[in-house]
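Working notes for the structure below.
The values are calculated or read from the model by the stated rules, or taken from the named source; none is laboratory data. All of these numbers come straight from a predicted model, not from anything done at the bench. Using ideal geometry, Cβ is built from the backbone for each residue, glycine included, and neighbour counts are taken over all protein chains shown. For accessibility, only protein heavy atoms count, side chains too; no ligands or nucleic acids. Shrake-Rupley method; radii C 1.70, N 1.55, O 1.52, S 1.80 Å.
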Amino acid sequence: VQLQASGGGLVQAGGSLRLSCAASGRTFDRYGMGWFRQAPGKERESIAVIIWNDRNKYYADSVKGRFIISIYSAENTQYLQMNSLKPEDTAVYYCAAGFNGSPYYSPGSWDYWGQGTLVTVSS
């Protein structure tokens with residue numbers, strides 16, 4: 001099982017980026033897929049997840065209204081559209097899959113992780 005994240009980079013405040021995460025080796029959309037991020041000196045935090053059994057999307061308050069998570073099931077790929085980026089969004093972003101039923105916002109609730117992609121937002 002592999003998750004391959006891409007799409008990070010340097011962007012000015014107010015700009016947009018789209019992250020992609022392609023999964024191989026197993027179909028994940030039935031269980032849930034999500035995005036986390038980790039800024040220097042901080043813990044990894046959940047920012048956007050889809051839990052497929054209840055078909056709901058959950059967003060952190062800090063990104064609500066600016067970020068959109070989506071899944072393209074035919075390609076077993078998830079996306080994170082990030083708009084109106086702020087310097088405080090600077091972090092390494094990780095995709096996750098294989099939700100195992102614990103609280104969705106806990107990193108321990110996810111069995112598989114991508115390698116991380118760096119997003120830097122300049123002011």
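Quick notes
- Selection from the range 96-123 of residues that are modelled with pLDDT of 90 or more, within 15 Å of residue 33 (Cβ to Cβ) and of a type in the set (A, V, I, L, M, F, W, C): 96, 97, 110, 113
- Within the range 1-42, the set of residues being among the charged types (D, E, K, R) and farther than 17 Å from residue 75 by Cβ comprises 37, 42.
- Any pair with Cβ under 6 angstrom, 6 or more apart, that starts in the range 1-14 at a residue that is farther than 13 Å from residue 115 by Cβ and ends at one that is open to solvent by less than 20 Å² (accessible area, probe 1.4 Å): 11/85; 11/121; 13/121
- Selection count where residues are within 18 Å of residue 121 (Cα to Cα) and of a type in the set (Val, Ile, Thr), scope the range 60-92: 4
- In the set 64, 57, only one residue is free of Cβ contacts under 8 Å to residues at least 24 places away in the same chain, surrounded by 12 or more Cβ atoms within 10 Å (Cβ to Cβ) and either in a loop (DSSP other than H, G, I, E, B) or basic (Lys, Arg) (or both); that residue is 57.
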